[in-house]
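Asks: Questions regarding the structure given below will be posed in turn.
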Amino acid sequence: MEAKTLNRESWLSAAFSALAEGGVEQVRVELLAKRLKVTKGSFYWHFRDRMELVEAMLEGWKTGRIEAIKAQTRLDGRTPAEGLRYVLSLYGGSSNPRGIAIELAMRDWARRDPRASEIVAEVDRERLRCVSDLFVGMGLDPDDAFARAYLFYSFIFGEGLLARSAAPDRFEKARDICGKVLVPEGV
């Protein structure tokens, strides 16, 4: 009966939560079953083994991120600069702490695992391509646009590593100034 109450997505969601909270080492069948309050046997209704789960996580994350990146960088009536500011706003504040934790955990995983590294690189290529295209749309040549896109994402992910509590009274103002440096008016 319990195999019917949980589906593959339930296991994947639990696996991503475990990844976000403790890294890939926490993505273990026993721990996930405990988290979901079911037996390990339930897992095997949906996955052959842990490796199949891990591969589903990697592919699912890649597909989801690439779809999101394409949607986020679609202009939908915005100018390229407005599009870039919109993307920057999506990563600001603490609007999606689980997503940010998963992103950082994926990058940590990629430092030690060739398959995870390949997936993260694929997502980053798409990120840089889409954002470079926006900078090209602002009139930059392709090399300058790529460098600006690289700096743009370096800021976004680097920001996630800094403790906001180190300067809470200055954080928002500093972020606003950085946004203007990254996407200046009239570039």
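The values are calculated or read from the model by the stated rules, or taken from the named source; none is laboratory data. Since the model is a prediction, treat every value here as computed from it, not as a measurement. Note: ideal-geometry Cβ built from the backbone for every residue, glycine included; neighbour counts use all protein chains shown. SASA here: full protein model, heavy atoms, side chains in, ligands and nucleic acids out. Shrake-Rupley method; radii C 1.70, N 1.55, O 1.52, S 1.80 Å.
Asks: Among the numbered criteria (1) among the aliphatic types (A, V, I, L, M); (2) closer than 30 Å to residue 25 by Cα; (3) free of Cβ contacts under 8 Å to residues at least 60 places away in the same chain, which one does residue 147 miss?
Replies: Result: residue 147 passes all but (2).
Asks: Same structure, new question: Just need a number here: residues in the stretch 117-138 that are of a type in the set (Lys, Arg) and open to solvent by 30 Å² or more (accessible area, probe 1.4 Å). Give the derivation first.
Replies: Step one: filter the stretch 117-138 for residues of a type in the set (Lys, Arg), giving 125, 127, 129.
Add one more test, that the residue is open to solvent by 30 Å² or more (accessible area, probe 1.4 Å), and what stays is 125, 129.
Residues meeting the conditions: 2.
For every residue, the table says whether it meets (1) closer than 30 Å to residue 138 by Cβ; (2) of a type outside the set (D, E, K, R); (3) in contact (Cβ under 8 Å) with a residue 24 or more places away in the chain.
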| residue | (1), (2), (3) |
| --- | --- |
| 18 | no, yes, no |
| 25 | no, no, no |
| 34 | no, no, no |
| 37 | no, no, no |
| 42 | no, yes, yes |
| 51 | no, yes, no |
| 60 | no, yes, yes |
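Asks: Next question. Just need a number here: residues in the stretch 66-78 that are closer than 22 Å to residue 9 by Cα, touching a residue at least 60 places away in the same chain (Cβ under 8 Å) and open to solvent by 30 Å² or more (accessible area, probe 1.4 Å). Can you show your working first?
Replies: Our first condition is that a residue be closer than 22 Å to residue 9 by Cα; within the stretch 66-78, this holds for 66-69.
If we keep only those that are touching a residue at least 60 places away in the same chain (Cβ under 8 Å) as well, we get 66, 69.
Filter once more, so that each one left must be open to solvent by 30 Å² or more (accessible area, probe 1.4 Å): 66.
Final tally of qualifying residues: 1.
Asks: Please go through the stretch 79-91 and pick out each residue that is under 10 Å from residue 179 (Cα atoms) and in contact (Cβ under 8 Å) with a residue 12 or more places away in the chain.
Replies: 84, 85, 88
Asks: Tell me which residues, restricted to the stretch 92-116, are open to solvent by less than 40 Å² (accessible area, probe 1.4 Å), without any contact (Cβ under 8 Å) to a residue 40 or more places away in the chain and in a helix (DSSP H, G or I).
Replies: Start the filter on the stretch 92-116 by keeping residues that are open to solvent by less than 40 Å² (accessible area, probe 1.4 Å), which leaves 92-93, 99, 101-103, 105-106, 109-110, 116.
Filter once more, so that each one left must be without any contact (Cβ under 8 Å) to a residue 40 or more places away in the chain: 93, 99, 110.
Listed by number, the residues that qualify are 99, 110.
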